[in-house]
Structure formats: C-alpha cells, structure tokens
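What follows draws every value from the coordinates through simple rules; no lab data is involved. Because the structure is predicted, anything quoted here is derived from the model rather than measured. Cβ: placed from backbone, ideal geometry, glycine included. Neighbour counts: every protein chain shown.
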Amino acid sequence: MKTIITILTILGFAFGGYFYIENRYALAQELEKTKQRLEYKIISDQTQSIQDRIWKIIDRFQKKEMDDTTKEELRSLEVNKEKLNDKLKALEK
C-alpha cells in the first residue's frame, strides 16, 4: 500500500510541476503571434509616418513649383510606402 501511495504522490508532483511550467511560461506559438503583431504594428507606424511626411510635402508645395530634390524625396517616400504596404499585406495573410 505504501508503494502505491508513493508512486501516486510522485506522479502527482510530476504532473503538477508539468502543468505549473506550462501555464507559467509562454508557448512558442504565442511568442510567434506576439512577434508578428509587434512587427505589424511597427510597419504600420512607419507607413503612417511616411504618409504624414508625404502630406506635409504636398501641403507645403501645393501652389508652388517643387525643386528636383523635393520631387526625388516625394518619389522615394511613395516607393517606401508601397514596399511597407506590401509587407503589411503579407503579414495579414
């Protein structure tokens, strides 16, 4: 009888420890989801920042002629925004 109680106690501690560790620490799947959500948020913020810069340039030069440097900057921003939008679409899938 003592042997059965000892075995059940050891099994109880083993399963208790297993479930404690499982609940205490994040699973790899949860970490991957969190990583993807963080990456999505960072890219989304970068896209919004670029869009704000584009709007500022357009507002500043709305009735004026843009110089070549400003035109290049605007084109570069639009290309970067498209690349980031493509990354966002890929992350959404």
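Annotations
- When residues in segment 75-91 are screened for being within 12 Å of Ile54 (Cβ to Cβ) and either among the basic types (Lys, Arg) or touching a Lys or Arg at 6+ places or on another chain (Cβ under 7 Å) (or both), 3 of them pass.
- Filtered residues of segment 39-79 (kept if under 22 Å from Glu92 (Cβ atoms) and either polar (S, T, N, Q) or part of a loop (DSSP other than H, G, I, E, B) (or both)): Ser44, Gln46, Thr47, Gln48, Ser49, Gln51
- Criterion (among the basic types (Lys, Arg) and surrounded by 11 or more Cβ atoms within 10 Å (Cβ to Cβ)) met by exactly one of Lys63, Lys93, Lys83: Lys83
- Some residue of segment 21-41 being under 30 Å from Lys83 (Cα atoms), aromatic (Phe, Trp, Tyr) and out of contact with any Cys (no Cβ under 9 Å at 6 or more places or on another chain): yes
- Selection over segment 1-27 of residues that are in a helix (DSSP H, G or I), of a type outside the set (A, V, I, L, M, F, W, C) and within 45 Å of the chain's Cα centre (by Cα) gives a count of 9.
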